[in-house]
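The values are calculated or read from the model by the stated rules, or taken from the named source; none is laboratory data. All values derive from a computational prediction rather than experimental measurement. Heads up, the Cβs are rebuilt from the backbone with ideal geometry, glycines too, and the neighbour counts pull from every protein chain shown.
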Amino acid sequence: MALLPISPPTVRAYKPEYIPASLSNGLIGARVGRIPLTDGVCVVSGLAAIHPVERVEGFARGPYPFAGDVEIDGQKLSEREDLVRFVSQHYDFSCGELRTELRFTVGEVVCEIEITTFCSRSRPMVVAQETAVRVSRACALTLVAELDPTGEDGKWLEREVGVPATEKEVVDGSLLWEPPGGLTQCGGAYWSELVGHPRAKMSRDEHTERAPLRPRTSSARDPIAATRSARSRASSQASCIRSRTARLSA
């Protein structure tokens with residue numbers, strides 16, 4: 001009889017003293033918090049920076065690959081976390097998946113959100129996340145998936161929407177990121193899809209300029225984003241956005 005890994009118990013009350021869940025595959029590592037779309041950090045093996053005070057080499061954080069947002073009737077989850085109720089979070093050690101359930105209430109609309117996050121072990125350059133939502137009544141619903149360097153020290157070297165020199169939609173976007181000191185660089189490519197709502201429309205931020213050295217201080221710091229929006233008319237119909245990020249360090 002095969003022995004299965006012992007997973008930690010499901011968290012149903014997220015306390016301030018809890019350490020965020022750690023996901024890793026040996027190449028990419030991430031700390032994923034209570035709300036995976038807005039709370040997390042990422043490191044990539046080999047990505048290094050110069051410490052601003054001690055002036056020595058140390059690790060650097062890369063763009064967060066699990067960022068995103070849910071917007072209901074103009075209210076964004078990222079801006080109204082006071083309307084978000086944490087339901088549960090479970091880390092399945094048998095497959096490395098972190099499953100988070102949230103409830104986002106805007107007026108009379110109740111949005112049930114299920115997020116599955118993992119770092120691929122068979123393809124360690126790939127991380128993936130699925131965000132499934134179900135609403136209680138008709139509303140304007142927007143789902144956003146992002147590869148987000150906001151808040152991390154470093155600078156954009158390249159930012160592309162799509163793939164240069166081809167009209168094929170292979171990826172939603174790509175970037176080349178450099179931490180302070182210029183010792184290393186990190187590249188990322190992003191792809192997403194929406195299932196469950198055939199009339200949904202996709203839009204991408206194709207004209208935003210690269211952010212300066214400190215993205216959080218710049219009005220042009222918008223991350224690479226794939227946005228899917230739809231008008232949901234049935235509580236029994238779920239919309240789901242799946243995203244996959246391939247990343248490399250040099």
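See the values below:
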{"quantity": "In region 79-106, the residues that are at pLDDT 95 or above and either small (Gly, Ala, Ser) or touching a Gly at 6+ places or on another chain (Cβ under 9 Å) (or both)", "calculated": "SER88, VAL106"}
{"quantity": "Hits in region 121-144 (condition: buried (at least 17 other Cβ atoms within 10 Å of the Cβ), of a type outside the set (Val, Ile, Thr) and within 22 Å of ARG85 (Cβ to Cβ))", "calculated": "GLN129, GLU130, ALA132, ARG134, CYS139, LEU141, LEU143"}
{"quantity": "Condition broken by LEU183, with the remaining ones in (1) outside any loop (DSSP other than H, G, I, E, B); (2) at pLDDT 90 or above; (3) surrounded by fewer than 18 Cβ atoms within 10 Å (Cβ to Cβ) satisfied", "calculated": "(1)"}
{"quantity": "Qualifying residue in region 1-20 (condition: touching a residue at least 24 places away in the same chain (Cβ under 8 Å) and surrounded by 21 or more Cβ atoms within 10 Å (Cβ to Cβ))", "calculated": "no"}
{"quantity": "Subset tally (residues that are among the basic types (Lys, Arg) and buried (at least 22 other Cβ atoms within 10 Å of the Cβ)) for region 52-81", "calculated": "0"}
{"quantity": "Search result, residues across region 59-75 that are at pLDDT 90 or above, more than 20 Å from TYR190 (Cβ to Cβ) and either among the hydroxyl-bearing types (Ser, Thr, Tyr) or part of a strand (DSSP E or B) (or both)", "calculated": "ILE72, GLN75"}
{"quantity": "Residue check, ALA60 in contact (Cβ under 8 Å) with a residue 60 or more places away in the chain, in contact with a Leu (Cβ under 6 Å, 6 or more places away or on another chain) and closer than 21 Å to ASP153 by Cβ", "calculated": "yes"}
{"quantity": "Matching residues in region 121-156 - criterion: being assigned to a loop (DSSP other than H, G, I, E, B) and over 19 Å from SER174 (Cα atoms)", "calculated": "ARG121, SER122, SER136, ARG137, ALA138"}
{"quantity": "Answer from ALA21, ALA13 - the residue that is touching a Leu at 6+ places or on another chain (Cβ under 6 Å) and hydrophobic (A, V, I, L, M, F, W, C)", "calculated": "ALA21"}
{"quantity": "Residue ID - nearest to the chain's Cα centre (by Cα), chosen from residues in region 82-120 that are assigned to a loop (DSSP other than H, G, I, E, B) and crowded, with 16+ Cβ neighbours inside 10 Å", "calculated": "SER120"}
